[in-house]
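Below you'll find the structure, written out as structure tokens, and then a few comments.
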Amino acid sequence: MFKEYLQYVLSRGQIRFIVLVRSVLFLLVFSAIPAMQAGGAVALGGVLIILGLLATYVINGFVIRSGMDPQKPIEFSKYFIFLLTLALFLILFFLIVARLIEPLLGTQLQEFLKKQSTEPSTPLPAEFVRFYLIFAFVIGLILHLILPVLFAKLSLIQGLKELPNSVKRSDYIVAAWTPFVIMFVPDLLVSLISNSEEMMVSIFGQILLIVIFFFMLTSDIFLQYPTYYLVRTEKKTTEGPENS
């Protein structure tokens, strides 16, 4: 079904245009970072560019989601309200996670931050790097099981009710985790070679950075695939009895 999803995405000119605008905004952000650190009007302009960049993800998410089932059109107001409730849910989720991991890293993290305040060049301890990679991977797997179900229902309550049924499906787990794992691997490799300047400037390192930039531009497209999978499989299931 991924091939079908790519055909769906590529057939919508709005998505291609939004990604083009996003790539320009990314380049503007990267070029403006040194000037933004100086403050002033340039910093304000940089903030506006970043807000515009975030807006492309909101709008593109709506464009992708709204066309998944032509028989059930979606209004932007409903989609936007859902995003607000989702943001509150994610804030609560990460607050709970932060409270759970605080006993594991609390003291060591405070010591590192205190040392870094006096010696800014202090490298991040290796155990922190390993913990971050494991933590990011596990949290990513959890969220990429939950979020597509919520986006498919466009309702926090209905999505959470449907979640147990969805996670029992092995086909959905594969559809949900595959895009995340593909996008996580380049970040993992860069983290592993980041301490080696020679590796970072090598052809391999540069290719990894290009791949990561590509995923930054298209991450919402890849991560909407599990939602598309759920919407289309549900549509086929409901159409089956009707046709028979």
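The values are calculated or read from the model by the stated rules, or taken from the named source; none is laboratory data. All values reported here derive from a predicted model rather than from experimental measurement. A quick note on method: Cβ atoms are made from the backbone with ideal geometry, for glycine too, and the neighbour counts reach across all protein chains shown. Just the protein is used for accessible areas: all its heavy atoms, side chains included, with ligands, DNA and RNA removed. Shrake-Rupley method; radii C 1.70, N 1.55, O 1.52, S 1.80 Å.
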- Message: Calculate the FRET efficiency for THR85 and VAL181 from the Cβ-Cβ distance with a Förster distance of 25 Å, rounded to the nearest 0.05.
- Response: 0.35
- Item | Rounded FRET efficiency, nearest 0.05, which uses the C-beta distance separating VAL19 from LYS168 and R0 of 41 Å | 0.75
- Accessible area of LEU51 in the full protein assembly, 1.4 Å probe (Å², nearest 10): 100 Å²
- Message: Around LEU54, under 12 Å between beta carbons, what's the net of Lys plus Arg minus Asp minus Glu among the other residues?
- Response: 0
- Message: For the full complex of protein chains and a 1.4 angstrom probe, list THR227, THR178 by accessible area with the highest value first.
- Response: THR178, THR227
- Item | Residues THR238 and PHE30, FRET efficiency given R0 of 35 Å [Cβ-Cβ distance, rounded to 0.05] | 0.15
- Task: Work out how far the C-alpha atoms of segment 129-244 reach from end to end along every principal axis, then list the three figures in whole Å, largest first.
- Result: 62, 27, 22
